[in-house]
Amino acid sequence: MALKYTCEITINKPREEVVRLMDDPANMKHWQPGFISLEPLTGTPGEKGAKSLLKYKMGRRDMEMTETISERNLPEIFSAIYEAENVWNEQINRFIEVDAYTTKWVSESVFKMGGPMKLMAWLMPGMFKKQSQQYLGHFKAFVEEGKSLAK
């Protein structure tokens, strides 16, 4: 079963600044809840084909996923595939310059799941989109207001 949806948010900052902040792994802790670390595995970090191990703490649960960068044509687009146990997720992120001071971030998601995650996606598909939209909101607050989720 594949779950597909699109989220978007308008950020009141120039596209160059938005992309610069998005492209720096050191900023992930500021807008991704539970983010612990990003460890390069293969390839040149941040470039097409590079693989990294992402670690998160979700409540009492530790979670790891592998990121494979599938497209990098910044400032327009950044795409990656994320794989964890029973989950495959492709994220296609587009950064659209609305004007000199405004950027629209459009994020397309495709999830393929197995095991208990497949049932969760079938029962609560809106939960995935809601969580993705929250991440966009956290990023907007970080970029516009300097708000951080880092502890």
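Condition (residue is farther than 25 Å from P125 by Cα, crowded, with 16+ Cβ neighbours inside 10 Å and β-branched (V, I, T)) applied to region 72-93: is it met by at least one residue? Within region 72-93 (the criterion being farther than 25 Å from P125 by Cα, crowded, with 16+ Cβ neighbours inside 10 Å and β-branched (V, I, T)), the answer is no, since none of the residues qualifies.
For region 24-63, the tally of residues that are more than 18 Å from E85 (Cα to Cα), within 13 Å of the chain's Cα centre (by Cα) and surrounded by 14 or more Cβ atoms within 10 Å (Cβ to Cβ) stands at 7.
Among the residues of region 10-30, is any under 26 Å from K118 (Cα atoms) and in contact with a strand residue (DSSP E or B) (Cβ under 8 Å, 6 or more places away or on another chain)? Within region 10-30, none of the residues are under 26 Å from K118 (Cα atoms) and in contact with a strand residue (DSSP E or B) (Cβ under 8 Å, 6 or more places away or on another chain).
Candidates in region 110-119 are the residues that are in contact (Cβ under 8 Å) with a residue 24 or more places away in the chain and surrounded by fewer than 15 Cβ atoms within 10 Å (Cβ to Cβ); of these, the one that is nearest to A50 (Cα to Cα) is V110.
For region 71-94, residues that are more than 13 Å from the chain's Cα centre (by Cα) and in a strand (DSSP E or B) total 6.
The single condition among (1) surrounded by 13 or more Cβ atoms within 10 Å (Cβ to Cβ); (2) in contact with a Gly (Cβ under 9 Å, 6 or more places away or on another chain); (3) without any contact (Cβ under 8 Å) to a residue 12 or more places away in the chain that I9 does not satisfy is (3). Scanning region 60-70 finds no residues that are in a strand (DSSP E or B) and closer than 16 Å to V106 by Cα.
Put simply, of K112, K104, K48 the only residue that is more than 24 Å from G137 (Cβ to Cβ) and in a strand (DSSP E or B) is K112. Taking region 120-151 as the range and being surrounded by 12 or more Cβ atoms within 10 Å (Cβ to Cβ), modelled with pLDDT under 95, farther than 13 Å from C7 by Cβ and not hydrophobic (A, V, I, L, M, F, W, C) as the test, only P125 passes.
Within the bounds of region 102-109, is there any residue that is farther than 21 Å from K55 by Cα, in contact with a strand residue (DSSP E or B) (Cβ under 8 Å, 6 or more places away or on another chain) and loosely packed, with under 15 Cβ neighbours inside 10 Å? No, region 102-109 has no match at all. Of the residues making up region 43-57, those that are closer than 23 Å to E108 by Cβ and out of contact with any Lys or Arg (no Cβ under 8 Å at 6 or more places or on another chain) are G49, A50, K51, S52, L54, Y56. Determine whether region 90-97 contains at least one residue that is in contact (Cβ under 8 Å) with a residue 60 or more places away in the chain, among the basic types (K, R) and within 20 Å of T6 (Cα to Cα). No, the conditions are met nowhere in region 90-97.
The values are calculated or read from the model by the stated rules, or taken from the named source; none is laboratory data. The model shown is predicted, which means the values in this text are computed figures rather than measured ones. Here Cβ is always computed from backbone atoms with ideal geometry, including for glycine, and neighbour counts include all displayed protein chains.
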